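Asks: Take this structure, written in C-alpha cells, and hold onto it; I'll ask about it next.
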Amino acid sequence: MTDTAHSGYALDMRAVSKRFPGTLAVNQVDFRVKDGEVHALMGENGAGKSTLMKVLAGLYDDYTGEIYIDGVKRELHTPEMAKAAGIGMVYQELSLARRISIYENLLVGRLPKKNALFIDKKKAVAEAKELLARVGLGDLDPTIDVSEISQCDAQLVEIAKVLGSKPKILVMDEPTSALSSEEVQRLFAIVRSLKKQGLAIVYISHHLAEIFEIADTVTVMRDGRRVDTAPVSEVTTESLVEKMVGEPIQSFYADHSTKISGEEVLRVEDYTRWGFFHHVNFSLHRGEVLAICGLAGAGRTEIARALVSVDKVDQGKLFVGGKETHFRDFGEAIRGGLGYLSEDRKVVGLALPQTVEDNVLSCVIDKYGSGILFSAKKEDALVQEKIDEMHVYPADPQRQVNSFSGGNQQKILMAKWLAADVDILILDEPTRGVDVGAKQTIHDAVRRFAEQGKSVILLSSDLPEVVGLCDRAVILREGHIIGEIPKEGITENSLLIAANGEGGYVTCRKK
Amino acid sequence: MSEKIKATPNEPEKVDSRKTEISRFSLIFNKLGIYVVVILLTFLGMIVSKGQFFTAGNIQSILEAVALIGMVSAGLLFVVYAGNMNDMSIPMTMALGGMMTVQCINFGFPVALLVGIATGALIGLINGFMIGKLRANPIIWTWGFNLLLSGIVRVTWGGKQLYADTVARDTDFAQKSAATFYSIARTYLGSFISLMAIVMIVMFLVSWFIHAKTKFGQKLKIIGTSYDVARFSGINCTKMLIITYTICSVCASIGGIFFAALRKTASYENGTGYDFSCLTAVLLGGVLLNGGKGSVVGAFGGVLAYGILNNILSWVGLDTYSKYLVQGIVFLFIVWLNTYSNRKLGKA
C-alpha cells in the first residue's frame, strides 16, 4: 500500500499503539477503511481488536500514532471528540435504556424543544421515524418502550441511534451475538443498504461464515499486531484461521501426558434447561481435563451453573462417581466434590474488600474448627500453602484482595478453589484478561490438579489454552453438543472451525 | 507475516500500597477510634455537668439509657454486618416483646419472659424467611412488617397500655410475678451498676463470640461483603439470614421487655425511634452500612458514645424536640462518614 497522505480512505489509522500496564495491547497497527466498504476485523480474544476500536471511540487519551478521518488528522481523546469526528459505535451490549420509549432513546441528549420547558414530541417522533426507516423499521411505533421490542429490533434501534449522530464510519462489535439466523439476515440487509449510502463500516465478528457473507475486506489481528489485510474474495476459511492462530505457541504449553484411567467420575444424561441447553450428554474421567467449546452464548456457563445446582435443570440426570446425584444447592455440590470457578471474578468470585485468607477459606468454613467454632489457627498453613502454590504476590494472607493486581486476584480465586478440596473442578474462563505469567501459573495448577487424579472441566474461549491443557473437547453449538474431538484432533484450527459450524474440516464424532 | 511472537516477560507486578494503607487506617480507626470519641465525650460531659457527671445518679441514667440501646444494637449489628442496612421492624418487635410478657404475667415471670422472647424469635424467623428465602428488599419488607405488626397490636389490645399489676390476677403468685417483672429494671449491684447494664454487657459478649469466633460469623462476613460471592462459595445464605434476623429480633424483644419493666407500661409505642437510634450507635461503632466490615467491640463503643452524647444533651438543657434535631444531624453525619469510608474501601 502507498503511504501518501489522504489517499481516499474514510479512516486511516497509522502506527497506532496502546499500552496497558504490562502489555502492549495494540502494537503499531495500520488500519484503513474505504468509503462504502464493509471491513471485517478478526482475531482471537485478546488480539487487540476491541482495544483498537476503543481507541477509535475516543475511550483512551494516551494512545500513540495518527488517525486521519477523510484525510483530516484528528485527535480522539474523548468519546465526544470521536463522535464529532464522525465515528459511530454499535456495541455488543445494548446501550439502550429499556424502560424508556424508542424515540427518547434515539434522540437522547438532543430532543427537539418547543420552548425552554417542553419537548416537541411531534417533531421528535417524526425524526425518530426517519431514523428507524433507515434501518428498515419504518413501521415501528417510536413511542413504545424499548423493553417491548425484540432483541433484534433493539439491536437495529441501537444502530438507528448511532446513525442519528450522522457518522461517516460505523463500528459494529459482534452485532449478531444475540440474534437468530433470520434476524442476522435482516441485519445484513440493513448493513448492505448503509454501505450503499456510502458509510464505511468496521465489522467485528467471531463467526467466519458472516465475514464471507457481508465483508468486502478483512483484516486479521493477533497479539496486538495487524497480521494481514486482504479482500474477502482472496481468503478461505482455512487461511483466515491460520492467520488468526498464527504460529502455534506449542512451546508455551508443555506437553501434558497424564494417564487417564477409564474410571468415570461424572456423567450427565439428557441434561436440559429449556432455552439454554438441550439434551446434553457427556462424561468425565479421572485425571482428565475436558473442554467444553463453543462460541459465546452457546450455553457453556449455563451448563456449568446447572451442574453445581446454582440453576435448576428441567430434565436430565447427573451421575457423580457412578451414582445418580441431585444436589439441592451449591454448598451440597461442593461437599459432593464439585467446584465451580465462575467467570466473573469481581461480581461472584471474590469478596474484594476482605483479606486473602477470608476468601481462600470461604468455601470451606464448615471444615475448620469444631462444632460451631471457627478456628483461625489450623488453616493458616493451608492458606499460605495455596497462595504460595499459586505464586500470589505479595504472599500475605492478611492483605485485602482489592489491593492485588487482576492477575493476582485471579490466582487467589484459583487458590480458593484448590483449598475447597473438590474432586471435579469446573473452570469458567480461568485466565480471561490476565497476563502471561499468571496464565502460566494457573495452567500449571490445572495440570497438577489433574495429575493428582482429579478432573477438570474447562470452559474457555482461549483456544491455545484448550489445545495446551485438554485431553478431550466436546463442541457445543446453540445449546446442543454437536460432537467430540479427541486429544489428537484438538488444534486451534479444528476447534475454531467446529465451533463455527464449518463441518467437514475435522471429523466430529457424532454422539 | 510469520514473525515470531514472544511471550511478554513476566514483569514484577506493581502493587498499589496506598489502598492498603488507607484501608488499614480506616480499619484501625473503625475499631478503636470510637473509644477516643467516648473519652472526649466523657471530658465534655464533665465540663457541661460541672463535675456532676460521675455522680451515682448520672451514671445510673447513662447506663439505663445505654443498656436499652445496647441490647437492641447487640442484635442489630448482625443485620447491618450481613449487608441488610437496618431492621425497621425493631420498634414493634420491642413493643410486642414487652406486651406479650405483660399479657402472660399470670403464668409466672419466667414463662412470661420466655413468651416475650419467643415472640421476638417468631418475628425474626418471618423476617429472615422473607428476606433470606424470598429475597424481599430488607428495608421495605421490615418497614411494612412493622406497620402490619402495629396494626395487629392495635386491633388486639385496642390501643390500650398494659400494666403488669392490673393484668395480673389478684393472687399472690401473679402479683409476685408482676413485682419481679418491675424489679428487673430496678436491680442494682453495688451502688449504681444496674442489672440492665449487666444483661447488655453479657449480650454484647455473646455477640462478640458469635461474630468473631464462630463459623456463622465467618460466613456472615462473606455474605455481608457480597451476597453473590457467598452464594458462589456454597454458603447457605438463606439459612444464614434467617439466623441473623432471629438473633436481631430476639435481642430487640429482650430490649423491649426491659423497656416495659422500666416504664412500668407496655404499649405499642414503646420502641418508637429505636430503629434509627440503634443504627446510629452501630454505625458510630464503625460497622459499614453496606456490610462486611465492623466489629462488636467497635459497636459497643458506638453504643457508649451515643448514650453519653444523649446525656450531655440533657445536661446542656435541650428539650426533647431539639434533641431530635441533634440526633438527626448526628445520624446523617455518621451515614456520610460511613459512605465515605466505604468508598475508600473500594466498595461503594
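Just so it is clear, none of the values below were taken in a lab; they were calculated from the coordinates. The shown structure was predicted, so the numbers you read here are calculated from the model rather than taken from an experiment. Using ideal geometry, Cβ is built from the backbone for each residue, glycine included, and neighbour counts are taken over all protein chains shown.
Asks: How tilted is helix B:17-28 with respect to the longest principal axis of chain B? Cα atoms for both, answer in degrees (0 to 90, nearest 10).
Replies: The angle comes out at about 10 degrees.
Asks: Distance between Cα centroids, region B:172-220 to region A:179-233: provide it in whole Å.
Replies: The two parts, judged by their Cα centres, are 73 Å apart.
Asks: Next up: For region B:252-269, take each phi angle, set θ = phi - 60°, evaluate the Karplus expression 6.51 cos²θ - 1.76 cosθ + 1.60, and give the result in whole Hz per residue in order, putting x for glycine and proline.
Replies: 3J(HN,Hα) across region B:252-269, in whole Hz: 5, 5, 4, x, x, 5, 5, 4, 4, 5, 5, 7, 6, 9, 10, 9, 5, 9.
Asks: Given R₀ = 45 Å, FRET efficiency for B:Leu332-A:Glu451 by Cβ-Cβ distance, to 0.05?
Replies: Rounded to the nearest 0.05, the efficiency is 0.15.
Asks: Near the amide H of A:Met89, under 5 Å away, which other amide H atoms are found, from residues 5 or more places off or on another chain, if H is placed in the peptide plane?
Replies: Under 5 Å from the amide H of A:Met89: A:Val171.
Asks: So, one more: Have a look at the DSSP beta bridges in chain A and tell me what percent are antiparallel, nearest 5.
Replies: Once the DSSP bridges in chain A are tallied, antiparallel ones form about 55 percent.
Asks: Using helices alone, what [θ] at 222 nm do you get for the protein assembly as shown, with -39,500 (n - 2.57) per DSSP H run of 4 or more residues, divided over all residues and rounded to the nearest 500?
Replies: -14500 deg cm²/dmol
Asks: Then there is this: So which aspartates and glutamates pass the test for A:Lys121, namely a Cα distance under 12 Å, with those fewer than 8 places away in the same chain ruled out?
Replies: Cα-Cα hits under 12 Å: A:Glu104.
Asks: What is the gain in length, in nm to one decimal, between B:Ala179 and B:Leu44 on full extension, counting 0.36 nm per residue of separation less the C-alpha to C-alpha distance?
Replies: Extra length from B:Ala179 to B:Leu44 when fully extended: 44.8 nm.
Asks: For region A:335-363 and region B:85-120, write down the distance between their C-alpha centroids in whole Å.
Replies: Result: 40 Å between the Cα centres.
Asks: A:Glu263 to A:Asp62: FRET efficiency via 1/(1 + (r/R0)^6), r the Cβ-Cβ distance, R0 51 Å, to the nearest 0.05?
Replies: E between A:Glu263 and A:Asp62, to the nearest 0.05, is 0.40.
Asks: Still on this model: With N denoting the number of residues in chain A, provide Rg(C-alpha) divided by 2.2 N^0.38 Å, to two decimal places.
Replies: In units of the globular-protein estimate, chain A measures up at 1.07.
Asks: Per the Kirkwood formula on distinct C-alpha pairs, the Rh of region A:9-245 is how many angstrom?
Replies: 18.5
Asks: So, one more: Between A:Ile144 and A:Arg328, how many nm apart are label points set 7 Å from Cα along the C-beta direction?
Replies: 4.4
Asks: Which order do A:Met244, B:Met100, B:Met85 fall in if you start with the one that has the fewest other Cβ atoms within 10 Å?
Replies: So the ranking, lowest neighbour count to highest, is B:Met85, A:Met244, B:Met100.
Asks: Pop the C-beta distance of A:Gln197 and A:Trp274 into the FRET formula with R0 = 60 Å and round what comes out to the nearest 0.05.
Replies: 0.90
Asks: So for the protein assembly as shown: antiparallel DSSP bridges make up what percent, rounded to the nearest 5?
Replies: Bridges in the protein assembly as shown that DSSP calls antiparallel: roughly 60 percent.
Asks: Once label points are set 7 Å from the Cα along Cα→Cβ at both B:Phe107 and B:Thr171, what is their separation, rounded to one decimal in nm?
Replies: So the two model labels end up 1.4 nm from each other.
Asks: Now for a different question. So, in nm, how far is label A:Glu80 from label B:Val155 when the simple model puts each one 7 Å beyond its Cα toward the Cβ?
Replies: That separation, rounded to one decimal, is 5.9 nm.
Asks: Subtract the Cα-Cα distance of A:Gln151 and A:Asp388 from 0.36 nm times their separation in residues, and report this length gain in nm to one decimal.
Replies: Stretched out fully, the A:Gln151 to A:Asp388 stretch lengthens by 80.7 nm.
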